[in-house]
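Step one of this worksheet: look at the structure below.
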Amino acid sequence: MDALDRPHDGGCTCRFVRYRMRTGPLFVHCCHCRWCQRETGASFALNAMIEADRVVLLEGEVDIVVTPSNSGRGQKISRCPRCRIAVWSNYAGAGSG
Ligand SMILES: [Zn+2]
Ligand SMILES: [Zn+2]
């Protein structure tokens with residue numbers, strides 16, 4: 001079994017939210033576009049793209065914050081309600097996918 005095909009667990013910094021990626025991501029990249037800079041407040045965003053049905057919430061709950069995005073339809077960023085760390089997001093163009 002390839003290391004990328006194993007489940008990967010993650011979570012926020014206060015450990016209220018825990019999640020599992022049941023498979024590896026489709027790809028991982030750094031995006032330096034202006035919108036990634038705006039949404040993160042950093043020089044680039046580190047993204048792991050994965051199908052939504054492969055991501056399982058194990059513990060806690062998330063607040064979904066609709067953040068202005070390049071498409072104009074908003075990016076739904078799921079954050080821990082306690083420490084406010086972003087754990088995943090959904091692009092409007094992909095629906096719930
Ligand atoms: Zn937290
Ligand atoms: Zn970008």
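General observations
- Condition check for VAL56: at pLDDT 95 or above, within 19 Å of ARG79 (Cα to Cα) and within 16 Å of ligand 1 (Cβ to nearest atom): no
- Those residues of region 1-21 which are modelled with pLDDT under 95 and assigned to a loop (DSSP other than H, G, I, E, B), in sequence order: MET1, ASP2, ARG6, PRO7
For every residue, the table says whether it meets (1) within 13 Å of ligand 2 (Cβ to nearest atom); (2) surrounded by 11 or more Cβ atoms within 10 Å (Cβ to Cβ).
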| site | (1), (2) |
| --- | --- |
| CYS30 | yes, no |
| CYS33 | yes, yes |
| VAL65 | no, yes |
| GLY74 | no, yes |
| ILE77 | no, yes |
| CYS80 | no, yes |
| ALA86 | no, yes |
| GLY97 | no, no |
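- Within the set ALA48, ALA42, the sole residue that is touching a Pro at 6+ places or on another chain (Cβ under 8 Å) and not basic (Lys, Arg) turns out to be ALA48.
- Pick from region 35-63, criterion touching a strand residue (DSSP E or B) at 6+ places or on another chain (Cβ under 7 Å) and touching a residue at least 40 places away in the same chain (Cβ under 8 Å), ranking: surrounded by the most Cβ atoms within 10 Å (Cβ to Cβ): VAL62
- Test: residue in region 14-21 that is among the hydroxyl-bearing types (Ser, Thr, Tyr) and open to solvent by less than 50 Å² (accessible area, probe 1.4 Å): yes
- For region 35-53, the candidate set comprises residues that are in a loop (DSSP other than H, G, I, E, B) and within 16 Å of ligand 2 (Cβ to nearest atom); within that set, the residue that is modelled with the lowest pLDDT is GLY41.
The values are calculated or read from the model by the stated rules, or taken from the named source; none is laboratory data. Treat the numbers as computed from the prediction; the structure is a model and nothing was measured. For neighbour counting, all protein chains shown are included, and Cβ atoms are generated from backbone atoms with ideal geometry for every residue, glycine included. Accessible surface is based on the protein model in full, side chains and every heavy atom, while ligands, DNA and RNA are left aside. Shrake-Rupley method; radii C 1.70, N 1.55, O 1.52, S 1.80 Å.
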